[in-house]
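Laboratory data are not the source of any read-out in this text; all were calculated from the coordinates shown. Predicted, not measured: the structure shown is a model, and the values here were computed from it. For neighbour counting, all protein chains shown are included, and Cβ atoms are generated from backbone atoms with ideal geometry for every residue, glycine included.
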Amino acid sequence: MLHLTINGKPVEVPEGSTIMEAAEAAGVKVPSLCHMKNVHQYGSCRICVVEVEGMKNLQASCMVKAREGMQVKTHSPKVLAARKVLYELLLSNHPKDCLSCNRNQSCELQELGYELGVTESRFEGAMSKAKVDISPSITRDTSKCILCRRCVTACAQIQKVGALQAQNRGFDTVISPAMGLPLNSTACAMCGQCTVVCPTGALQETDGLTPVWKALADPGKRVIVQVAPAVRAALGEEFGLPCGTPVTGKMATALHEIGFDDVFDTLFSADLTILEEGTELLGRLNAALTGGQAALPMITSCSPGWIKHIEHQFPGELDHLSTCKSPHTMMGAVVKTFYAEKTGTKPEDMFVVSVMPCTAKKYEIQRPEMEVDGIRDVDAVLTTRELARMIKKCGIDFVNLPEGEFDAPLGLGTGAADIFGVTGGVMEAALRTVYEVVTGSELPFEQLHVTPIVGLEQVKTASITIENTLPAYEHLKGVTVNIAVTSGLEGASMLMKEVAEGTSPYHFIEVMGCPGGCINGGGQPRCTEENYREKRARALYSEDERKVLRKSHENPDLMKLYGEWLGEPNGHLAHHLLHTHYVG
Ligand code: HC1
């Protein structure tokens, strides 16, 4: 252990700690606009400079290691004066349009200026050339970029994609895809992790609000909204509720108050996905075991960032993807056929909005695969952050809202669907149903959670031997099914290398594009709280555990949909509406 003082206060930290970490251990927050935990640091902003006794120059506390006996001052007059100049230099090349910027009041640059007491901009001069690049999911405005490189880190080190780098030198430096290409022409998966770490308005989700407000104001439109599982685990953070507070009921009330005509739950179509995907898995296993052709492992297909990634990086392996569309696009297809018929509404007069924790969903709905007979499944995607802005704009007192309900007939979801939003959840939900379908017996309550695949590790695996079966599944008796779960594109690439080499031992793999799953999606609130992913995951598990119905095939409204209209899982109509083939 090392012993040093921070502002005169003794502190003990492990060898290898930085001065910034030592300050944190002493309860002192050193400001920074570029620092990120647990990754290689660029140390680019220099805002975190501190004074170290005996050293002539100020030191960047995120880069310099603590040493035995060091005496550090983090907020001395010399440090504060230097920080202010550094800040003003950043400001000299930054637009002053805070009032009309989407990051107004959630901008780290703005907040730091307030903390430092900056009241003027002394160094006005030439500004670097601005470029705005609008992709279906992410909008880049280089005029607001402070070259902190957090986005570069998130893309290259966390997701291992590397779509963004620093280009050019000096005043012409810009963070951009290679050769200044638009993001949409690169291997960017549209996961939006860059938008979460960006301290300013340089990287944001592409606007989904404008078309939604327009549809709501159009008396000729029936505007239907649905909400993804993970949104309920994080939306409350935008209103000051503790991280990990589930806000399902308040969210349903808020959506009604905003004026949506129907408030449905993506949980319903997550249950639908399990019936479709579970049936598909059994079909593929059956084919493989009886000498037929089947691409195994089968890999989940509900995460559009993951779909884009496999298309770029492993285009020869697309037949491993489940043919299921993602739950929210399934919902769109059901709304514009079944519900349109039921309510006597023309599908073209319907406007389906998906509230998602994900930026890639904005790209997904524009894909050619996501339509039925020329009608788009979903018309607009809003992120969790955008929904929070809508609620605020409507003057809704979110925290004090009563608990509301989703609307029938597409608003009921089981606990299995809640956990779709956390890594391992889709697999667990599928196993709950597949077990009962194959064995004909009830899965014991204490076995509902498949412990080896619960948790936020990058790759989780398990093997399950099928001991008893119904006669129809006799061929599966004694078979050991190997499963793997991963979240984040680095883990996905690791598992895909084995698939591409033909050495994958797995039969079924769940992949989610963002580390931790949708709870940590690129459209979620920006949260710096310790263990925020664990807290959001717990919120979804608690939603599951409080429910009586915890298996997708127990959803009575879903079974009614199959019985009265859709027919069999994987049947003709289900295939027409709910499945697709990705061909790259
Ligand atoms: Fe997800 Fe999904 S769980 S992909 O993570 O399959 O975004 O929450 O909506 O569609 O249900 C995201 C979350 C979400 C879909 C479902």
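Could you grab the pairs with beta carbons closer than 8 Å, sequence gap of 6+ or different chains, first residue in segment 313-329 and farther than 20 Å from Gln293 by Cα, second one among the β-branched types (Val, Ile, Thr) and more than 16 Å from the ligand (Cβ to nearest atom)?
Final answer for the pair search is Phe314/Val499.
Could you check how many residues of segment 547-561 are under 13 Å from Ser269 (Cβ atoms) and not polar (S, T, N, Q)?
3
Out of the helices (runs of 4 or more DSSP H) lying entirely within segment 322-417, which hold 1 or more residues that are under 17 Å from His256 (Cβ atoms) and within 15 Å of the ligand (Cβ to nearest atom)?
384-393
Output the residues belonging to segment 426-455 that are more than 13 Å from Glu510 (Cα to Cα), outside any helix (DSSP H, G or I) and under 29 Å from the mean Cα position of the chain (by Cα).
Leu448, His449, Val450, Gly455, listed by residue number.
Condition first: surrounded by fewer than 18 Cβ atoms within 10 Å (Cβ to Cβ) and either among the small types (Gly, Ala, Ser) or closer than 18 Å to Ile158 by Cβ (or both). Now tell me which residues in segment 23-42 satisfy that.
The answer is Ala25, Gly27, Lys37, Asn38, Val39, His40.
Where the second residue is outside any loop (DSSP other than H, G, I, E, B) and the first is closer than 13 Å to Val479 by Cα and lies in segment 279-294, which pairs have Cβ atoms under 6 Å and are six or more apart or on separate chains?
Correct list of pairs: Leu289/His475.
Let me spell it out: the conditions are (1) within 15 Å of the ligand (Cβ to nearest atom); (2) surrounded by fewer than 21 Cβ atoms within 10 Å (Cβ to Cβ), and His309 meets all of them except one. Which number is the exception?
The single condition His309 does not satisfy is (2).
Within 15 Å of the chain's Cα centre (by Cα), within 11 Å of the ligand (Cβ to nearest atom), in a strand (DSSP E or B) and touching a residue at least 60 places away in the same chain (Cβ under 8 Å), is that true of Ser301?
For Ser301, the condition - within 15 Å of the chain's Cα centre (by Cα), within 11 Å of the ligand (Cβ to nearest atom), in a strand (DSSP E or B) and touching a residue at least 60 places away in the same chain (Cβ under 8 Å) - is not met.
Restricting the search to segment 264-297, which residues are in contact with a strand residue (DSSP E or B) (Cβ under 9 Å, 6 or more places away or on another chain) and within 21 Å of Val499 (Cα to Cα)?
Hits for segment 264-297 are Glu277, Glu280, Leu281, Arg284, Leu285, Ala295, Leu296, Pro297.
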